[in-house]
Amino acid sequence: MNKIVLITGATSGIGEACAHKFAENSFNVIISGRRKERLQQVGAQLKELYGIDVFILELDVRDKEQVKAAVSGLPEEWKNIDVLLNNAGLALGLNPFQGGSEDDWDTMIDTNIKGLLYVGKAVANLMISRGHGHIINIGSIAGKEVYPKGNVYSATKHAVDAITKGMRQDLLKDGIRVTQVAPGAVETEFSLVRFKGDEEKAARVYRDYRPLTPEDVAEVVYFSTTLPDHANINDVVIMPTDQANATTFNKST
Ligand code: NDP
Ligand code: 8X3
């Protein structure tokens, strides 16, 4: 029987690449996100390329009632989730703290922290009832360091770092593995979202050095699920070779 992975934020970037990686390895995939058309496109591709089953979960992780209903409303056979990838997340703006937008703060906190908690709890309880499962949280180098103007985004990723450690302790007796994968710069729609559609500004983030691809991150995420049950990868920081820390890059110009 195929294993099942649930991926939040599977409509682009790291989540989409992970959906391909798991599907290529014969997982049936629950893809979720807010953009329905994208979900349908990704779902159709996964089925066609890998011949696996796909379940589409249109979901805004910020809405706790929607999350509860979506997870409890999964068809019984799709409730046997082996791997949860808590990936949905975003940065909005790059502003000094004193000039930050309260609305942007709310969205980042609601998505990156509270959304991860809501989905994590709902799926962890399904896993507990089976005595088996693996939760992988996407953190960030911004969860290990704070960089200028990264203030609230960085705080949300520090929270992911802390929640991952807390989950690992609390789920210890339930046979559930908990892993964090914390990337440096990955070229995705992340900066386009952060800069609210400003393509030129977004492109500049990845200029003059070689960033990670979402597929690089997917390799690590998938690898962490391939170890035998008694072994767990707690935490991985994956960076571009051209990036030493959050602010230090080897740029060609
Ligand atoms: P993308 O913008 O390409 O993907 C973000 C995904 O999150 C989309 O699928 C989006 O789906 C989903 N998402 C955002 N808000 C919500 C929401 N409220 N409910 C459900 N889904 C949501 O960026 P990345 O792939 O780069 O980002 C994925 C994760 O990786 C994030 O947690 C990010 O913080 C983290 N990260 C990214 C790095 C980078 O440099 N790119 C580095 C380190 C970590 P939709 O819009 O359809 O809802
Ligand atoms: C995304 C990486 O450092 O650009 O989490 O904020 S960073």
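The values are calculated or read from the model by the stated rules, or taken from the named source; none is laboratory data. No experiment lies behind these values; they were computed from the predicted model shown. We place every Cβ from the backbone using ideal geometry, glycine too, and count neighbours over all the protein chains shown.
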For Leu59, all conditions in the list (1) under 17 Å from Ser12 (Cα atoms); (2) free of Cβ contacts under 8 Å to residues at least 12 places away in the same chain hold save one; what is the number of the exception? (2)
Exactly one of Tyr206, Tyr222 is modelled with pLDDT of 95 or more and more than 24 Å from Glu24 (Cβ to Cβ), and that one is Tyr206
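Filter segment 8-27 for residues that are away from ligand 2 (no atom under 16 Å from the Cβ), of a type in the set (A, V, I, L, M) and either over 14 Å from Val217 (Cα atoms) or touching an Asp or Glu at 6+ places or on another chain (Cβ under 6 Å) (or both) and give the result. Before the answer, list the steps.
Taking segment 8-27 and keeping what is away from ligand 2 (no atom under 16 Å from the Cβ), we get 10-11, 16, 19-27.
Subsequent filtering for residues that are of a type in the set (A, V, I, L, M) retains 10, 19, 23.
Residues satisfying the conditions are Ala10, Ala23.
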Which one of these does Tyr222 not meet: (1) under 21 Å from Asn95 (Cα atoms); (2) surrounded by 19 or more Cβ atoms within 10 Å (Cβ to Cβ); (3) aromatic (Phe, Trp, Tyr)? (1)
Could we say that Ala159 is at pLDDT 95 or above, small (Gly, Ala, Ser), surrounded by fewer than 16 Cβ atoms within 10 Å (Cβ to Cβ) and more than 10 Å from ligand 1 (Cβ to nearest atom) here? no
What pairs can you find where one residue is in segment 11-28 and at pLDDT 95 or above and part of a helix (DSSP H, G or I), the other is aromatic (Phe, Trp, Tyr) and within 16 Å of ligand 2 (Cβ to nearest atom), and their Cβ atoms are less than 7 Å apart, with a gap of 6+ or different chains? Gly13/Phe190
Among the residues of segment 79-114 satisfying the criterion of being within 11 Å of the chain's Cα centre (by Cα) and over 13 Å from Tyr153 (Cβ atoms), which is farthest from ligand 1 (Cβ to nearest atom)? Leu84
Segment 35-73, subset in contact with a Lys or Arg (Cβ under 6 Å, 6 or more places away or on another chain) and assigned to a strand (DSSP E or B), residue farthest from Val5 (Cα to Cα): Glu58
Out of segment 81-109, which residues are more than 18 Å from Gly150 (Cβ to Cβ) and either charged (D, E, K, R) or surrounded by fewer than 17 Cβ atoms within 10 Å (Cβ to Cβ) (or both)? Asp82
Return the residue satisfying two criteria in turn: it lies in segment 155-190 and is more than 15 Å from the chain's Cα centre (by Cα) and of a type in the set (Gly, Ala, Ser), and of such residues it is farthest from Trp105 (Cα to Cα). Gly175
Which fully enclosed helices (runs of 4 or more DSSP H) of segment 173-239 have 2 or more residues being closer than 21 Å to Val146 by Cα and in contact (Cβ under 8 Å) with a residue 60 or more places away in the chain? 190-194
